[in-house]
Each structure stands twice: as C-alpha cells, then as structure tokens.
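The values are calculated or read from the model by the stated rules, or taken from the named source; none is laboratory data. Since the model is a prediction, treat every value here as computed from it, not as a measurement. Cβ atoms come from the backbone with ideal geometry, glycine included; neighbour counts cover every protein chain shown. Just so you know, the surface numbers come from the protein's heavy atoms only, side chains and all, with ligands and any DNA or RNA stripped out. Shrake-Rupley method; radii C 1.70, N 1.55, O 1.52, S 1.80 Å.
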Amino acid sequence: MKSVIRLFQIGVVGICSFIISSSAQVLPGKTIQYIIAFPPAGESDLVARYQAELSVQKYNQPMIVINRPGGGGALAWSQLNNYANDGTMVVGVNIPHIILQPLQEGTQFKTDDIQAIYYYHFTPDALMVSADSPYKTYQDLVNAAKKNQGKLNIAGSALFSANHMANERLNKLAGIKTNYVPFKGTGDLITSLIGMHVDGAMGYLPLAIQQKSKIRTLAIATEKRHPSLPDVPTFKELGLNWVDGGYRGVAVPKSTPKETQEKLSNYFGLLNADPVVKKKLEDEGFILVDIPLEKIPAFMKEKIPQAFDDAKNAGMIK
C-alpha cells in the first residue's frame, strides 16, 4: 500500500512539474528563432545561448539561436520588420549601436524601426592587449600612442558601436590618436588581438575575463574593480571619468501584437532572473538589468540623448 501511495505522490509531483513547465511556455507548440546580429563567440551570442538552453531545459519552450552577422549588426536589424510577427522571431539588439548606426550613410534602418521588448544586461568597456604585448599598463599604451600619434591600431566590434565610442573616448580623454579597426563582432577580433595583429582592443569586461590567460586587460569602465580581475584598475582610478559600455536586449517586428510583445517581455525577464544563470553571467562580467516592455520608452528617452552627446563629444558627429 505504501508503495502505491509513493507512486501516486511521484505522479502528482510529475504532473505539477509538467503543468508549471508548460504554463511558462510563452508560445506553446512553437519554436522561438533567436537571431543574433553578430558572429558566434561574442557576448551577444554567448548570452543568447545561455537563454536558449534555459528556455528548453527549464520551461520546455524550444528556442534556437541563429547568427546572421553583417554590417556590425545592421544587416539583421534592417530585416527585423520583415520577420514573422507571431512571436516566433526575435532579434538581439544593442545600445548604442541601434542609436548611432543610422547616422551612417546607407544604413537601412532607423532607431524608431526597432521594437525592443526587454533589455537584460550591460557590459562595461575594457581596454585590452595581448598577453605578449610590450604594454604592461594603461600608461604604457598611452605613452606609446603619444609618441606615435595615429599609428596604434585598436580593434573593436563594428562601427558606431559601444566599442567605437569607447575608442574615441579614450582618444579624447587620454589626449592621443589611435586608429579604430572595426570587426564584425567581438568573437572575430580575439585571434587578431591575441596574435598582436592589432596593438590592442576596446572590448567588454566579459571578454577580458574569458580570455584572461591570453590577454592583458589594462583598464575597465566600472565603478570598482571586478573580483575576477582584481589587479585591473578602473578608468576612474586612472583619473578618467569613465563608467560606460554596451546594453543588450531583444526586439520583435513592430507589427507584433501588443499582447505577444508583453508575453515575450515577461518571458525574457523570467529567463534573466534565473539564479543559476544570473550568477554565471555576473561571474563572467555581465551586469544584469531588468528593463521590461513598459519601461523601454523611458529608457530610450534617457539613452538616445546620451548616445548623441557622447558621439558629439568624441567628434563623431557635429
């Protein structure tokens, strides 16, 4: 009799678990295609794959990541409103990229074309060189740049991106002139950085942590030092008023019904709040934020003027 009762209890638990898992499905019976506008191995790709794995394993909601790089993200973002509007197609988006890229001639999208539904994290800027580089400190690189104005090449992800902005900010605040070398994405520049095909890179803290055995990080744009890189100073410690980086989120076609937008926003918020993935991301240098659909207009109202001010101050626009 006890064994029968035990089997019944197990069955009830299993049914309850199935109900909870099924109820979390935002699109029952459908698969979410998650377009990442950059090549594999970058921060956008890494986090999307964490989210997709969690979606399948914990909530039984199929989600697959598809990389469609081009134009520093502009290719995928210009196609966003051509995708299905039933919630099965979502696209990762980045700030300030989607604000500043439309300033380039020939860009096929405008900031207003992007219907973001959730922003989930922030990645601080990081100035890096190869572990074999002769530049041991931030000041070493700055001194070399001052002696060789316009000759040092600094890699980054895309034009009119957070990395591009950070490189221009470095030039202005340090009183130097370096050449910005844009790559398709963070994942594409790693080999060039490690192999010293460029003099350095302006990337993000997660890359600095991930590749810390192969690269040397000279400074990071955080309020305080990160526990994973305790010997790396912040730009503020070095006398530069600099705490900045890139934001990442997810968008859908503008014609997507509001109800579906809200469901997807809530679902990505659920994925972002998972304690296991949250700790993993924080340990890797990602700073999590929680900006759902209803808060995005106010968020963009704050970020758009900031991006334009930064671009003007850096001399990128008039």
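Which listed residue (Ser228, Leu46, Ala208) has the Cα farthest towards the positive end of the charge dipole for the chain, taking +1 on Lys and Arg C-beta and -1 on Asp and Glu C-beta about the Cα centre?
Ser228
May I have the pair-distance distribution P(r) for region 159-289, computed from all Cα-Cα distances with 10 Å bins from 0 and rounded to whole percent?
Binned Cα distances yield the sequence 10, 34, 33, 16, 6, 0.
Quick check: at a probe of 1.4 Å, how many percent of the accessible area of region 32-79 sits on carbon and sulfur atoms?
Answer for region 32-79 is 57 percent, counting heavy atoms of protein chains only.
Would you please give the residues with an amide H less than 5 Å from that of Ile215, counting only those at least 5 places away or on a separate chain, with H modeled from the backbone geometry?
Ala131
Using only the Cα atoms of region 52-124, construct the convex hull and provide its projected area averaged over every direction, in square nanometres to one decimal.
Projected area, direction-averaged: 5.9 nm².
Can you give the angle from 0 to 90° between the axis of helix 2-24 and the longest principal axis of the chain, with both taken from C-alpha atoms, to the nearest 10?
Helix 2-24 and the main axis of the chain meet at about 50 degrees.
Any chance you could give the angle, 0 to 90 degrees and rounded to 10, that helix 43-59 forms with the longest Cα principal axis of the chain?
In the chain, helix 43-59 runs at an angle near 10 degrees to the longest axis.
Assuming R0 = 25 Å, what is the FRET efficiency of Arg49 and Ala84, from their Cβ-Cβ distance, to the nearest 0.05?
Working: r = 22 Å, r/R0 = 0.87.
With a Förster radius of 25 Å, E is 0.70.
Pairs to check: Lys147/Lys214; Lys172/Lys236; Lys177/Lys312; Lys184/Lys301; Lys151/Lys224; Lys146/Lys172. Give those whose C-alpha atoms are more than 21 Å from each other in this structure. Walk me through the numbers before you get to the answer.
Numbers: Lys147/Lys214 26 Å; Lys172/Lys236 15 Å; Lys177/Lys312 17 Å; Lys184/Lys301 28 Å; Lys151/Lys224 31 Å; Lys146/Lys172 12 Å.
Checking Cα-Cα distances, Lys147/Lys214; Lys184/Lys301; Lys151/Lys224 exceed 21 Å.
Lys/Arg Cβ at +1, Asp/Glu Cβ at -1, dipole of the chain taken about the Cα centre: which of Pro102, Tyr119, Tyr138 is farthest positive-ward?
Of the candidates, Tyr138 comes out farthest on the positive side.
In region 97-182, if every C-alpha pair distance is counted and binned at 10 Å from zero, what percent goes to each bin?
Result returned by the calculation: 15, 40, 27, 14, 3.
For the chain, what is the convex hull volume of the alpha-carbon atoms per residue, in Å³? Numbers along the way, then the final one.
Working: hull volume 45.5 nm³, N = 318.
Normalising the Cα hull of the chain by residue number yields 143 Å³.
Could you look at region 194-247 and say what percent of its accessible area is carbon and sulfur, using a 1.4 Å probe and all protein chains? Provide the component values of the computation, followed by the final result.
Working: 1140 of 2440 Å².
Taking all protein chains in place, region 194-247 shows 47 percent carbon and sulfur surface.
Express the accessible area of the chain per residue in Å², computed with a 1.4 Å probe while the remaining protein chains stay in the model. The partial results should precede the final answer.
Values: 14580 Å² over 318 residues.
Value for the chain: 46 Å² per residue.
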